[in-house]
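**Q** Next up is a structure, given as structure tokens.
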Ligand SMILES: [Zn+2]
């Protein structure tokens, strides 16, 4: 909101420079964004918070300064001459919706002449960013800028039977508003009506039919108070946001209507040549009831850390036009003025004292207590995972939570539940909240490939959401994606490209980091976005926890990727809630390992994992490892079979194994392999 | 030494001079030191021909000769090995400026780094980290935080609604205050990092998703002065030891008194520049004393408890700290951008 320095000086003596004023206002909580010189005037742009409608005008800002500087506040004058006791014209005002309109004041001015406002008034309005229209409208705007109360002028002749009825709209009732839009109303909306029709949307905008124009000579001036939530709902439902609704929905001053009305009427008789021909009609069914608030000196100390001087407290409140009703036992009883809609509790009063004491003059201390640590395990575990991924050479990314459902579902590892729709999306093509992380990952990989970035390895850890059984299901997930080489040494031909086994190593390490020792793999042929035969689904304790593998070649082609893309996603929740694995030190064996290598062929359908599981299944304690040394499929290997060289590693923790013992163990193993998997030695 | 023996030594030395290769060396060794056919063995065998009286003298001389020759031969062997070594060094010399092996280099996202740093500062001050969901209800995001229904204060946080209006995307991390106070008994000292969402069209300074860190302290007697001291301590650790902190009254429905917190501009030191819009101050966070209604909404008695809360934008801190000109770069994840932050991790 714009405040003119010259205008302020109508109400308060000011010697301070605009820069000092800007600082002082900011420190009072009326943040000044900019100060600009406009002709002979200076304009402050204030950012008034939603709780301070009383400062959305020049008098209100002047009041704050008068308290801060300790100088008197001069209010604009209103006529002392008596108003007519009886109206010269038939006029009647009633309120039918007094739960939404607590007060309605009106008076009639006759013989006005519509014309441009005088130069000084136009300049003032222009200085604060208002466009002058005509003297009547300008005066209502002027009073709004000055006192902060929205007024409305009706062409009195257009009000049937000279009647004003504040009532709820009839269902489907129509009104053409000043902006020439026909509005269809609902029964919740409050209107100002004449004997027959709605003539204004209460607190939002006047109607076109009763608009003041060149032909108008007699006007009815409205100064009323409408319930903030009612004005706000009406304005929102109709998609309107007016100066009036802005003020009313923040809360107007219930005691202001007569004063603002007289102020405007006075200006109109002076500037538009009119004459007040009715009494000030004040329909006021719900009187202002200021709360009585207790302010305890010890609570003041407790909350802001100072011992306030009682005299300072009292004077500050009184200057702010609070009523100090009494003081006993270290506590004041205080009634806030009607314009301070933000004050209803002791804490609100304490803020007033703190504001005028100056936040910068409050002491600075530290809380003198310790609280029990409650950091969630999830937080710690996730940080460990991030650390692991970074150590493994992956770069952390953050991707958009807003997705298209097609893209999101395309890269879903399980398709459980449904995407959560965003009711009011920012981008029409991204109307869903993400249920998976891999869509964003693939996009990021593509973005980097397009930017000619080589050898990219990325990860993201984040929450994804689904609607499952009408409930929001939150899952923390980890996505990995990579292309190119993870070790680059081109000129020595020692490049190491990322591939399925590289990613497997990363996932395996990740699970170990989480304290998961065993997982099982199944072919990932059913994962639509991965390449059959180059993908795996992994499970822990029988539950699927993630997938990884090569991006499906058809999808890769659609995306125009120029190289192999590796992807993986891990569902973290079940891991993050696992108990911390108990660490137990194990003694290192002092006895050497003995190895025996076996070269054989085996049917392609027998996987290495099957053989390894089978060998460990023999429960021979001396077998400590089974390593794959070589894998070969060539002309000299029979069709449908492949050649493996496997190293058996034997060790006894208590003693050195003899060659003979090792041979015996090997023979047990080979016997098993021949019988179980029909291996043939080469 | 006897003349004839001395002559042998002279000849040996002459031959040593001529040895250039390992092959020569071997031949030389055979000729002089071989047990059967070597010159030295032949001389030793001569002892029987020498008169008895001269034998001791002859023996001594042959030994002397042997020592001299062996020493000479050792020197020669070492010299040849040295020459060979130097030759090899030259042959095997690397071009040490050839490219290194490109090893995998991981990194954290700059926003997460700043988040971690901020959390770390408060953790060292005894705070615990708690988290809450990104999808929230009106109650946690607004109602319990003392935003009345249909109040303009809600306008400042343009909200995304989801699932047919039943839920919303949290517009701030403040709902975690409510969840924490419902679940844990005071005294409390917590911070809550996380993503928040507001319906802002993306541009250089706006993105509809950003990160906040919420702080909440609740005890019997916590004051605005404690809030001031805490934020001071924090700003000195995060920005610079000499940074000044200023609190201004402001409004957030869930605190009273409320404050906006500025630091002296870290770019101009407070004298005024483009970044601080000539004010010398940069706004960094909102804060205040927990509103009594919020305590009541969480089932706590505002007479028994006081507390303060604060909330700051992590993305904004990252921009201030690293001078990133466009907030959207954080979301593009161009690895050339991410790589720049590697050395600060
Ligand atoms: Zn600056």
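**Q** Tell me the relative contact order for the range A:594-681 as a rounded percent, counting alpha carbon contacts under 8 Å between residues six or more apart.
**A** The normalised contact order for the range A:594-681 reaches 45 percent.
**Q** Kindly put A:610, A:269, A:49 in sequence by how many other C-beta atoms sit within 10 Å of each C-beta, fewest to most.
**A** The most exposed by this proxy come first: A:610, A:269, A:49.
**Q** So what's the gap between the Cα centers of the range A:5-54 and the range B:92-111, to the nearest angstrom?
**A** Here the two parts' Cα centres lie 58 Å apart.
**Q** If I build a Gaussian network model for chain B, linking alpha-carbon pairs within less than 10 angstrom, which residue out of B:79, B:159, B:173 has the largest mean-square fluctuation?
**A** Checking each option, the largest mean-square fluctuation is seen for B:79.
**Q** Give me A:170, B:18, A:63 sorted ascending by neighbouring Cβ count inside 10 Å, so fewest comes first.
**A** Least to most surrounded, the residues fall as B:18, A:170, A:63.
**Q** I need the P(r) histogram for the range A:376-576: all alpha carbon pairs, bin width 10 Å from 0 out to the longest distance, whole percents.
**A** Calculated P(r), rounded to whole percents: 9, 35, 38, 15, 2, 0.
**Q** As a check on your grasp of the helix formula, calculate [θ] at 222 nm for chain A: sum -39500 (n - 2.57) over DSSP H runs of n ≥ 4, divide by the residue count, round to the nearest 500.
**A** Estimated from H runs of four or more residues: -8500 deg cm²/dmol.
**Q** Report the Rg/Rh value for the range A:2-69, based on alpha-carbon coordinates and the Kirkwood definition of Rh.
**A** Across the range A:2-69, the Cα-based Rg/Rh ratio is 0.91.
**Q** Here's another thing I want to ask about it. Any idea what log10 I(q)/I(0) is at q = 0.18 Å⁻¹ for the range A:62-166, Debye with uniform C-alpha scatterers and no solvent?
**A** Scattering profile of the range A:62-166, log10 relative to I(0): -1.15.
**Q** Give me the Debye-computed log₁₀ of I(q)/I(0) at q = 0.14, 0.17 Å⁻¹ for the range B:110-344, equal point scatterers on Cα only, no solvent, two decimals.
**A** -0.94, -1.37
**Q** Still on this structure, I have one more. When the convex hull of the C-alpha atoms of the range B:101-190 is computed, what volume per residue in Å³ does it have?
**A** Looking at the range B:101-190, the number lands at 164 Å³ per residue.
**Q** Could you tell me the largest-minus-smallest coordinate of the C-alpha atoms of the range A:220-370 on each of the three principal axes, in descending order and whole angstroms?
**A** Reported extents, whole Å, longest axis first: 65, 37, 30.
**Q** What is the order of A:5, A:201, fewest Cβ neighbours within 10 Å to most?
**A** A:5, A:201
**Q** Follow-up. Give the relative contact order (percent, whole number) for chain B; include only Cα pairs under 8 Å separated by 6+ residues.
**A** Reported as a whole number, the value is 15 percent.
**Q** Give the span of the protein assembly as shown's Cα atoms along each principal axis, as three whole-Å numbers ordered largest to smallest.
**A** 167, 72, 58 Å, listed from the longest principal axis down.
**Q** So, one more: Can you tell me which of B:278, B:183, B:67 moves the most in a GNM of chain B? Springs connect C-alpha atoms under 10 Å apart.
**A** Evaluated over chain B, the most mobile residue of the options is B:67.
**Q** Tell me the volume per residue, in Å³, of the convex hull enclosing the alpha carbons of the range A:594-681.
**A** About 82 Å³ per residue, rounded to a whole number.
**Q** Enter the Cα centre distance for the pair the range A:663-682 and the range A:203-281, rounded to the nearest angstrom.
**A** If we compute the Cα centre of each part, the gap is 99 Å.
**Q** Let me ask you something else. Order of A:627-633, A:330-336, A:447-453 by packing, highest average Cβ count within 10 Å first?
**A** Result, highest mean Cβ count within 10 Å first: A:330-336, A:447-453, A:627-633.
**Q** Most fluctuating residue of B:140, B:85, B:127 in a GNM of chain B with Cα springs under 10 Å: which is it?
**A** In this elastic network of chain B, the residue with the biggest mean-square fluctuation among B:140, B:85, B:127 is B:85.
**Q** Another question about this same structure. In the P(r) worked out for the range B:3-91, what percent of Cα pairs fall beyond 18 Å?
**A** Beyond 18 Å sits 49 percent of the P(r) for the range B:3-91.
**Q** So what does log10 I(q)/I(0) come out to for the range A:522-677 at q = 0.17 Å⁻¹, using the Debye formula with one equal point on every Cα and no solvent?
**A** Rounded to two decimals, the profile gives -1.12.
**Q** Could the peptides A:658-670, A:98-110 be put in order, highest first, of the mean number of other beta-carbon atoms found within 10 Å of their residues?
**A** In descending order of packing, they fall as A:98-110, A:658-670.
**Q** Just how far, in whole angstrom, is the range A:335-363 from the range B:113-136 if you go by their alpha carbon centroids?
**A** What the calculation gives is 31 Å, centre to centre.
**Q** Let me have the 222 nm mean residue ellipticity of chain B computed from DSSP H runs of 4+ only, each contributing -39500 (n - 2.57), with the sum over all residues rounded to the nearest 500.
**A** Counting only the DSSP helices, I get -12500 deg cm²/dmol.
**Q** Relative contact order for the range B:278-345 using alpha-carbon pairs under 8 Å, separation at least 6, rounded to a whole percent?
**A** That works out to 28 percent.
Read the figures in this text as sums done on the coordinates, not as results from a lab. Everything numeric in this text was worked out from a predicted model, so none of it was measured. Quick reminder, even Gly has a Cβ in these numbers, built from the backbone with ideal geometry, and neighbours come from all protein chains shown.
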